[in-house]
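Chemist: Pasting a structure here, questions to come.
The values are calculated or read from the model by the stated rules, or taken from the named source; none is laboratory data. Please read these numbers as outputs of a predicted model, since none were measured by experiment. Neighbour counts run over all protein chains shown; Cβ positions are idealised from the backbone, glycine included. Quick note on the areas: whole protein, heavy atoms, side chains included, nothing else; ligands and nucleic acids left out. Shrake-Rupley method; radii C 1.70, N 1.55, O 1.52, S 1.80 Å.
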Amino acid sequence: MGSLCLLSCGDISKPRAQEAPPHPATQVADCATRADVLGLSRIVEVDTSEGPLFGRGRKGGFDFLKDGEIVLTFDDGPSRSHTRNILKALAQHCTKATFFMVGRMAASDPAMVREVAAAGHTIGSHTWSHAKLSSLTADKAEEEVELGLSAVASALGAPVAPFFRFPYLRPNAAAVEYLKARHIASFMIDVDSRDFRSRDPAEVQKNVLTQLAGRHRGILLFHDIQPSTAHALPALLTELKKRGFKVVHMVPKQTAETLPEYDARAAKLIAHKMQAASKEPLAPRALTWQQSQQSTGDGGTEVLPWAHQRNTSSPLSTGSTASPTNEPATVPWYQKWFTP
Ligand SMILES: [Zn+2]
């Protein structure tokens, strides 16, 4: 395949990611007997070797979910003040999610990254600084992807999933090809909580349930930097259970391979942030980049290996998806969604 490499790709096609350790199923087993929680209906192991695209995309993506199945995803964190409450809500429902972390956020609070991982959730990356890759040069786009990946992995102290989400849900062709060459899967969304537009938890719940009433399944997007989601989640998860939705947990078959050059940069940046934080022990540790202006603020029963499919064999039906939302003037700068 003649992949279009954004940048220096000489060393990215040879070494393959190592096999991920077996997914911990302990908590799944503990929750398997509880009928009052969402739990997990199944765990899907994703083979990212060909850089698949999941969820709604302008060019389609895999749609592997059955009716009633949902995937929970949280972007932009970690944020200590909200991520921890979200972890608590997920744990109370014995369910798992995927967190697409911003490198700068992870570097500011490695302990929070480890806390998310220790709870059994999947950790992917979301660039270094939440940059819109489509507006960057190829060199800068590579830097955003690689430094973000290295920062999240360095903060965790272990390899993360080769799962990536484009900031602003803006995949551009060159970056998609670069991620493919790096054996990293890209994830779009099917259901948008729009949690950045409101402080009202009821509004977040309504957004999710209304979209699910039309689609009946999908990858759900939340932000674990948003108080509305942190407050909405307990009741929303309970409502999803009542309505019969089933959570699918995506786990990677391989871990992401980071590049030494960026690992070294990430280590320095984390060390610098930790040193700065130690001098100001009372300072908020994770809020290193501009936040929303609105913000003050199982039972897994089976593990199914994800048989890799080409995009053309399992395209997402674009005809059945909701239109992306129009963007109001009040949307925070880092949450500008694409329009068709
Ligand atoms: Zn984001």
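Chemist: So if I check each of 60, 68, 55, 77, which one is on the phi > 0 side of the Ramachandran plot and at pLDDT 80 or above?
Modeler: Result of the check over 60, 68, 55, 77: 68.
Chemist: Say whether the condition of being outside any loop (DSSP other than H, G, I, E, B), closer than 16 Å to residue 219 by Cα, more than 16 Å from the ligand (Cβ to nearest atom) and modelled with pLDDT of 95 or more is met by at least one residue in the range 122-132.
Modeler: Looking for residues that are outside any loop (DSSP other than H, G, I, E, B), closer than 16 Å to residue 219 by Cα, more than 16 Å from the ligand (Cβ to nearest atom) and modelled with pLDDT of 95 or more, one finds at least one in the range 122-132, hence yes.
Chemist: Could you tell me whether residue 50 is acidic (Asp, Glu), at pLDDT below 95 and under 30 Å from residue 177 (Cβ atoms)?
Modeler: Considered against the rule, which asks whether it is acidic (Asp, Glu), at pLDDT below 95 and under 30 Å from residue 177 (Cβ atoms), residue 50 comes out as yes.
Chemist: Which condition does residue 194 not pass, out of (1) open to solvent by less than 40 Å² (accessible area, probe 1.4 Å); (2) at positive phi; (3) within 14 Å of the ligand (Cβ to nearest atom); (4) at pLDDT 95 or above, if it passes all the others?
Modeler: Here residue 194 meets the rest and fails (1).
Chemist: Next question, about the same structure. Examine the range 161-175 for a residue that is open to solvent by 10 Å² or more (accessible area, probe 1.4 Å), at pLDDT 95 or above, more than 13 Å from the ligand (Cβ to nearest atom) and in a helix (DSSP H, G or I), and state whether such a residue exists.
Modeler: no
Chemist: Which ones in the range 217-239 are within 16 Å of the ligand (Cβ to nearest atom), assigned to a helix (DSSP H, G or I) and touching a Pro at 6+ places or on another chain (Cβ under 7 Å)?
Modeler: Scanning the range 217-239 gives a single hit, 228.
Matching residues to (1) more than 15 Å from the ligand (Cβ to nearest atom); (2) part of a helix (DSSP H, G or I); (3) open to solvent by 30 Å² or more (accessible area, probe 1.4 Å):
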site: 105; (1), (2), (3): no, yes, no
site: 112; (1), (2), (3): yes, yes, no
site: 116; (1), (2), (3): yes, yes, no
site: 134; (1), (2), (3): no, yes, yes
site: 141; (1), (2), (3): yes, yes, no
site: 147; (1), (2), (3): yes, yes, no
site: 154; (1), (2), (3): yes, yes, yes
site: 186; (1), (2), (3): no, no, no
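Chemist: Which condition number in (1) under 17 Å from residue 226 (Cβ atoms); (2) out of contact with any Ser or Thr (no Cβ under 8 Å at 6 or more places or on another chain) is the one that residue 74 fails?
Modeler: Result: residue 74 fails condition (2) only.
Residue-wise test of (1) over 12 Å from the mean Cα position of the chain (by Cα); (2) within 14 Å of residue 102 (Cβ to Cβ).
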{"residue": "150", "(1), (2)": "yes, yes"}
{"residue": "154", "(1), (2)": "yes, yes"}
{"residue": "160", "(1), (2)": "no, yes"}
{"residue": "182", "(1), (2)": "yes, no"}
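Chemist: State which residue is nearest to the ligand (Cβ to nearest atom) when the search covers only the range 67-97 and only residues that are surrounded by fewer than 24 Cβ atoms within 10 Å (Cβ to Cβ) and polar (S, T, N, Q).
Modeler: Across the range 67-97, the extreme among qualifying residues is 81.
Chemist: Out of curiosity, is residue 191 of a type outside the set (Lys, Arg) and touching an Asp or Glu at 6+ places or on another chain (Cβ under 6 Å)?
Modeler: no
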